[in-house]
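J.: Attaching a single structure in structure tokens format; questions to follow.
What follows is calculated from the coordinates using simple rules that are stated; it is not laboratory data. As the structure is a prediction and not an experimental result, all values here were calculated from the model. Heads up, the Cβs are rebuilt from the backbone with ideal geometry, glycines too, and the neighbour counts pull from every protein chain shown.
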Amino acid sequence: MDVRPTRNDLHGDDEGRIGRSAFLRRATMLVGALTAAELVLYEAPLLTVSAPSPSQDRAIFAFLLLLEELQSAFYAKALSAGALKGEQLQFAQVVGGQERAHLAYLRTEVGASEVKHRTFDFGASTATASGFLSAAVGIEELGLGAYNGQAPNLTSAALRRAGRITPVEARHVAWARSRQGELPAPTPSDTPLSQTQVLSRVKQQGYVA
């Protein structure tokens with residue numbers, strides 16, 4: 001499925017902006033790539049592209065809540081496994097605590113009645129320090145990509161609130177990458193991820209039990 005903009009789409013209006021109809025058409029195609037069954041599996045709200053609004057803010061925060069639940073559960077599992085020592089242990093304790101704080105905050109944003117209980121399966125990724133670090137890099141990059149991907153769809157007030165979390169997620173990525181012996185910031189910019197891309201990667205990793 002090719003959702004790249006055509007020359008006419010890129011021309012847009014007289015100011016050179018992408019036409020709203022073209023943008024909505026491509027966004028609809030992207031969301032359509034995720035089946036209804038998968039949305040039920042993750043209990044994630046189906047995000048639609050529209051003008052930012054408080055109701056859309058809540059839907060987006062509910063989606064981001066899934067990622068924070070996954071991250072919090074991952075660090076809790078890694079700490080309980082007892083395989084981490086030294087700075088790996090410190091990393092899991094510090095980052096795990098911050099992810100729990102993010103989780104608590106998003107739960108207040110979404111509302112208690114909308115919070116779902118999810119079970120995650122991290123397989124053998126938390127059994128060794130090397131497996132933990134590899135999984136941590138992927139999970140943290142996934143969270144950062146999700147926040148960046150939804151930023152344009154939030155109202156300005158919600159964007160400011162989410163903006164208090166996003167840079168912390170970026171620091172988590174850098175710390176995890178450095179512990180794995182990789183460059184903390186290998187590229188000059190990050191690629192935002194759509195809801196479809198995020199849930200597809202969660203599915204590929206088999207994290208949802």
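J.: Going highest first, how would you order 192-202, 163-173 by mean Cβ packing within 10 Å?
T.: On the way: 192-202: 19.5, 163-173: 17.1.
Highest mean packing first, the order is 192-202, 163-173.
J.: In nm, to one decimal, how far is the modelled label at Ala51 from the one at Lys116, with both set 7 Å along Cα→Cβ?
T.: 3.0 nm
J.: Thr191 versus Ser80, label points 7 Å from Cα toward the beta carbon: distance in nm?
T.: 3.4 nm
J.: Within 13 Å, Cβ to Cβ, of Glu182, how many net charges do the neighbouring residues add up to if Lys/Arg are +1 and Asp/Glu are -1? Please report the intermediate quantities before stating the final value.
T.: Numbers: positive: Arg177, Arg179; negative: Glu140, Glu141.
Result for the neighbourhood of Glu182: 0.
J.: Quick check: net charge around Leu103, other residues with Cβ under 10 Å of its Cβ, Lys/Arg +1 and Asp/Glu -1?
T.: Values: positive: Arg100, Arg107; negative: Glu68, Glu69, Glu99.
Cβ neighbours under 10 Å give a net charge of -1.
J.: Which peptide among 116-128, 99-111 comes first, and what is the full order, when sorted by highest mean count of other Cβ atoms within 10 Å?
T.: Working: 116-128: 14.5, 99-111: 17.2.
Packing proxy ranking, top to bottom: 99-111, 116-128.
J.: Could I ask something else about it? What FRET efficiency comes out for Arg161 versus Ser134 if R0 is 30 angstrom and r is the Cβ-Cβ distance? Round to the nearest 0.05. Could you put the intermediate results ahead of the total?
T.: Working: r = 31 Å, r/R0 = 1.04.
Given R0 = 30 Å and the Cβ-Cβ separation, E is 0.45.
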